[in-house]
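Take a look at the structure set out below.
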Amino acid sequence: HIHAVNTLSIAVLSNGKKYVERLLQDINWVWIPYVMPGIQLAKAIQNAMHAKPDVIILANHGLVVGGRTSQETLQLLMHVEEKLKRKLRSTTSTNKDRLLAISKSKYRLPKYEIVQTIANDDLALKIVETGTLYPDHVVFLGAGPMNILSIDELESIINKPRYVNNSSVIIVRDYGVIVHHDLGENAEAMLYCLASILLRIQPDEKLCYLTQENE
């Protein structure tokens, strides 16, 4: 089970199942609508196993593949991701000099450069200020809309401990993304995942967000 970014960028779409139907006609796969990870998801997968699938796509969650050997499973995984491959939208780079000058005592840049694209991509910003798309985002980056500030707003709150202590990731519109100095590797990986998915979403696509109850 993995959170493959091409698959996940489709699994969060309202028409995700129909999208997959066009592309995986040569594979025995099933689609499982979003359910709570844990016992509920385990039961849903158990029910789906009656179809003896080689691939399971979990809506708003990720991908499951199976095979007789590890090599066979890896080959199937790569085959699915290639079939569902989505082109990344182009973005422009950000000027991070002022951002770093304001925040470097309390924050740093994320580990992965692709994360910076969120700050100057209108569609990405619209999505993250709306809500969350999959459970691992909630676990490692928090529930609800992400923190999006202007550079002037950042300058005004950077010395307010209450805000800083509760904001491990801040997106500064048109300037970049900053994270707490002690942000963990799992959260860094989730930021990489998020940016990789957001850049695969197209403006005319309708997304399925997690509800507050889901979160």
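The values are calculated or read from the model by the stated rules, or taken from the named source; none is laboratory data. It should be emphasised that the depicted structure is a prediction, and the values quoted were computed from it without experimental measurement. As a convention, Cβ positions derive from the backbone with ideal geometry for all residues, glycine included, and neighbour counts pool all protein chains shown. The area values use the complete protein model at the heavy-atom level, side chains included, leaving out ligands, DNA and RNA. Shrake-Rupley method; radii C 1.70, N 1.55, O 1.52, S 1.80 Å.
Below, the figures for the structure above:
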| read-out | value |
| --- | --- |
| Fully extended contour minus Cα-Cα distance, from ASN159 to GLU185, at 0.36 nm per residue | 6.8 nm |
| Virtual paramagnetic centre 7 Å along Cα→Cβ of ARG108, amide N under 18 Å, in the stretch 183-208 | 183-192 |
| Set of aspartates and glutamates near LYS126 by C-alpha distance (under 18 Å), chain-local residues within fewer than 8 positions excluded | ASP174, ASP204, GLU205 |
| Debye, to nearest 20: dipole size of the chain, +1 on Lys, Arg Cβ, -1 on Asp, Glu Cβ | 160 |
| The chain, accessible surface, carbon-and-sulfur percent (1.4 angstrom probe) | 51 |
| Taking the chain and dividing mean pair separation by its residue count, relative contact order in percent (alpha carbons under 8 Å, at least six apart) | 26 |
| Ellipsoid semi-axes in whole angstrom, largest first, where each is sqrt(5λ) of the Cα gyration tensor of the stretch 1-83 | 18, 16, 12 |
| Helix-only mean residue ellipticity at 222 nm for the chain, each DSSP H run of n ≥ 4 adding -39500 (n - 2.57), per residue, nearest 500 | -11000 deg cm²/dmol |
| The stretch 137-215 - accessible surface per residue (Å², probe 1.4 Å) | 52 |
| Sequence ranges 98-105, 45-52, 163-170, 57-64, ranked by mean other-Cβ count within 10 angstrom, highest first | 57-64, 163-170, 98-105, 45-52 |
| Candidate lysines - alpha carbon under 16 Å from LYS160, same-chain residues fewer than 8 apart omitted | LYS104, LYS106 |
| Kirkwood Rh and Cα Rg combined as Rg/Rh, the chain | 1.01 |
| Chain lengthening between ASN214 and GLN46 when straightened (0.36 nm per residue, less Cα-Cα) | 58.4 nm |
| Contour excess over end-to-end distance, with Cα ends at SER150 and LEU74 and 0.36 nm allotted per residue | 23.0 nm |
